[in-house]
Every structure is written in structure tokens, then in C-alpha cells.
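**Q** Below is a structure I'd like to ask you about.
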Amino acid sequence: MAEKLKILKFPDPRLRTVAKKVDKFDKSLEKLTEDMLHTMYEDNGIGLAATQVNRHIRVIVMDLSEERNEPRVFINPEYKILNKESLASFEEGCLSVPGFTEEIIRPDKIELEWQDLSGEFHQDTPDGLLTICIQHEIDHLEGKLMVDYISPIKRDRIRKKLSK
Ligand code: GNR
Ligand code: NI
């Protein structure tokens, strides 16, 4: 059975950890992704990075479907920006920054590479919400948060509210 994992909240310093590459594609990796998907669905998220559940390896889960029935797993994901001039703005939320949303501008033409649970490599040039969500999640694996894109004053206000 899948377990619900605890999600770290900003400004927890553990969210700043840089995640390590996955090199063992075993049963425990599969269990982690099941638990992460369960946790993401319970909290109505569209994505979750292992960093957020205090596991510092390069693992992301996602479900962008309306019906919540298209779970996806990205192991060791990497992206290249294909066109630095092509940007999209999106109102982002984060399960580690509950109760806040911010308009964030990101490149929207990217090439994505990742591995699946059996270690097979995949490549895609996604569009729409996937381009935004995957960059948000890969930021988590680098110890970076949505609030790093906003002004220090706003960030401090959020920090104070969430520290209470
Ligand atoms: O649930 C989430 N919604 C969301 C909305 C816009 C852009 C990114 C996201 S990801 C977020 C879940 C989360 O915190 N993932 O790290
Ligand atoms: Ni997030």
C-alpha cells in the first residue's frame, strides 16, 4: 500500500538540498514514486519532486490530466532551452509554499530528456503545462523554489507567514 509522505514547507532549509542522480532502478525507487504519487493526489498537486518529501534524489512525479488518471514518473530529468526568447507566464503554486501563488515567467520551448523506472531513456519537446511544471520540479531538485523568482520583500513576507 502507498503511504502519504510529509511535505517540507518553505523556509525549511532541507528544501535547499541539491538532489543526486538515481543510479539504482530497483523496487525501493518504485515504492518511492508510488508514495509520491499518492501524496501528490492527496494534496491535489499536479507535480511533486522527491526533494519536497526529504528524499534527495532526482525523481519527479506528475499528473496534468483533468481526470487525475495519468500518472507520470521522470527519473534524472534534464532540459535544454531551445529558444531563449520564447517565454510564457503562468500563475504557479507550490505544495511547499501553501496558500500563495505567483506569476512566473519561464522559457516555453524546451527539449526534455529523462529515464523511466526501468532506466530506459526518453526524449520529448513538450508544450503547454508540462513545460512549466517540469521546470518548477527540476528547480526543486536543484534546491530552488518559486519564491526565488519574486522580490525579496515579498519573499520575506511569505517566510514570516509560513514560519508562524
Ligand atoms: O500543484 C502544483 N501546481 C502548480 C501550478 C503551477 C505551476 C506549478 C505547479 S507544481 C505544484 C505542486 C508542487 O509544488 N510541485 O513541486
Ligand atoms: Ni513545488
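**Q** Does the range 117-129 include one or more residues that are closer than 21 Å to residue 100 by Cβ and either among the charged types (D, E, K, R) or in a loop (DSSP other than H, G, I, E, B) (or both)?
**A** No; the residues of the range 117-129 include none that is closer than 21 Å to residue 100 by Cβ and either among the charged types (D, E, K, R) or in a loop (DSSP other than H, G, I, E, B) (or both).
**Q** Determine the pairs where a residue that is without any contact (Cβ under 8 Å) to a residue 24 or more places away in the chain, located within the range 116-133, has a partner that is in a helix (DSSP H, G or I) and not aromatic (Phe, Trp, Tyr) with Cβ atoms under 9 Å apart, the partner being 6 or more residues away or on another chain.
**A** The qualifying pairs are 124/130; 126/134.
**Q** Further question: Considering only residues of the range 145-164 that are of a type outside the set (Ser, Thr, Tyr) and in contact (Cβ under 8 Å) with a residue 60 or more places away in the chain, which is nearest to ligand 2 (Cβ to nearest atom)? So that I can check it myself, show each step before the final result.
**A** Step one: of the range 145-164, the residues of a type outside the set (Ser, Thr, Tyr) are 145-148, 150, 152-162, 164.
When the remaining residues are screened for being in contact (Cβ under 8 Å) with a residue 60 or more places away in the chain, the result is 145, 147, 158-159, 161-162.
On the way: 145: 7, 147: 10, 158: 13, 159: 16, 161: 17, 162: 14 Å.
Among them, the one singled out is 145.
**Q** If you don't mind, another one. Is it the case that the range 65-76 has a residue that's within 16 Å of ligand 2 (Cβ to nearest atom) and more than 20 Å from residue 10 (Cβ to Cβ)? Can you show your working first?
**A** Here is the first cut: in the range 65-76, the residues within 16 Å of ligand 2 (Cβ to nearest atom) are 72, 74.
Remaining after also requiring more than 20 Å from residue 10 (Cβ to Cβ): 72, 74.
Looking through the range 65-76, at least one residue is within 16 Å of ligand 2 (Cβ to nearest atom) and more than 20 Å from residue 10 (Cβ to Cβ).
**Q** Moving to a separate point now. Considering only residues that are open to solvent by 30 Å² or more (accessible area, probe 1.4 Å), in contact with a helix residue (DSSP H, G or I) (Cβ under 7 Å, 6 or more places away or on another chain) and more than 26 Å from residue 32 (Cα to Cα), which ones fall in the range 87-118? Explain how you work it out, then say what you get.
**A** Taking the range 87-118 and keeping what is open to solvent by 30 Å² or more (accessible area, probe 1.4 Å), we get 87, 89-91, 93, 95, 98-101, 103, 105, 108-109, 111, 113-114, 116-118.
Cutting the leftovers down to in contact with a helix residue (DSSP H, G or I) (Cβ under 7 Å, 6 or more places away or on another chain) gives us 90, 95, 100, 108, 117.
Across the range 87-118, the qualifying residues are 90, 100, 108.
**Q** If you scan the range 130-160, which residues turn out to be within 21 Å of residue 64 (Cβ to Cβ), part of a helix (DSSP H, G or I) and not hydroxyl-bearing (Ser, Thr, Tyr)?
**A** Those that are within 21 Å of residue 64 (Cβ to Cβ), part of a helix (DSSP H, G or I) and not hydroxyl-bearing (Ser, Thr, Tyr): 130, 132, 133, 134, 135, 136, 137, 138, 139, 140, 141, 146.
The values are calculated or read from the model by the stated rules, or taken from the named source; none is laboratory data. Computed from a prediction, not measured in an experiment: that's the story for all the values here. Here Cβ is always computed from backbone atoms with ideal geometry, including for glycine, and neighbour counts include all displayed protein chains. The protein model used for the area step is the full one, side chains on, heavy atoms only, and it has no ligands, DNA or RNA in it. Shrake-Rupley method; radii C 1.70, N 1.55, O 1.52, S 1.80 Å.
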